[in-house]
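Quick note: the coordinates plus some simple rules give every number you see, no bench work behind them. Owing to the predicted nature of the structure, the values given are computational and were not obtained by experimental measurement. Cβ sites come from the backbone with ideal geometry, for glycine too, and all protein chains shown count toward neighbours.
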């Protein structure tokens, strides 16, 4: 197994120029559907590369299903909101994409089913997932330091909560491994299982469908001063600019 750091794509980013030069992390929206935020094309490519490298390493996909450059994309990207966490690694004079997440949104009743509906159809036999529901997907955090790797999930969940609140998206589903569900609950991300785990051949993994308790997630965020500040900043900035964390904000 390669060193985790070898999975992390470097990116030529302008996000840390000027007054943001001393920031440690930048968090924000990279793209909405097929529309990449102008000026963040390199960041979005690094986002897709991290997805491909990690999914290949974890055996969730195969080489032949990746793009020629090793990036990973799929048809759900065109209806997703894409979030990224970029690290300003000043000691090595580089920027790196260390965190990804997308929200697959169901705009109306005519939209294709969410992945959770496809993989667990029995849950929705009486009624499909409603319009404005969404699903957390491609949640990936990679870093050489485990503490920072775990920490960067928080900015992603905070950004997603801000976006879902602003756009009235609910309920929010997530299909996760049982181990990852326990980890998230340990860190204060409340997920409620809605069916038993099942092996999903398309991603070569056993996953469990869950619903995110957004009210409890908001309460968990606001118990921490740094997370509260990031949440407040993101409410003002979401989809318009990035929010930054300073070195002293990190664990």
Residue of 112, 193, 46 that the Gaussian network model of the chain assigns the largest fluctuation, springs spanning Cα pairs under 10 Å: 112
Between 207, 106, 125, where does the largest GNM mean-square fluctuation fall for the chain, given springs only between Cα atoms within less than 10 Å? 125
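Please find the FRET efficiency linking residue 4 to residue 185, where r is the Cβ-Cβ separation and R0 is fixed at 25 Å, and quote it to the nearest 0.05. List each step's numbers first, then the result.
On the way: r = 23 Å, r/R0 = 0.93.
Calculated value: 0.60.
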Label residue 193 and residue 32 with points 7 Å out from Cα along Cα→Cβ: what is the distance between them in nm? 3.7
What is the calculated FRET efficiency for residue 21 to residue 147, with r their C-beta to C-beta distance and R₀ = 22 Å, to the nearest 0.05? 0.35
Computed over the chain, the relative contact order (Cα-Cα under 8 Å, seq sep at least six) in percent reads 21
In the stretch 4-238, what % of DSSP beta bridges are antiparallel (nearest 5)? 90
Over what distance in Å are the Cα centres of the stretch 123-179 and the stretch 89-117 separated? 9
GNM result for the chain, Cα springs below 10 Å: residue of 190, 209, 113 fluctuating most strongly: 113
Quick one: helix 225-237 against the long Cα principal axis of the chain, what's the angle to the nearest 10°, folded into 0 to 90? 80
With mean projected area of the Cα convex hull in nm² as the read-out, I listed (1) 13.2; (2) 16.4; (3) 17.9; which label goes with the value calculated from this structure? (1)
So how do 50-57, 151-158 stack up, highest first, on mean other-Cβ count within 10 Å? 151-158, 50-57
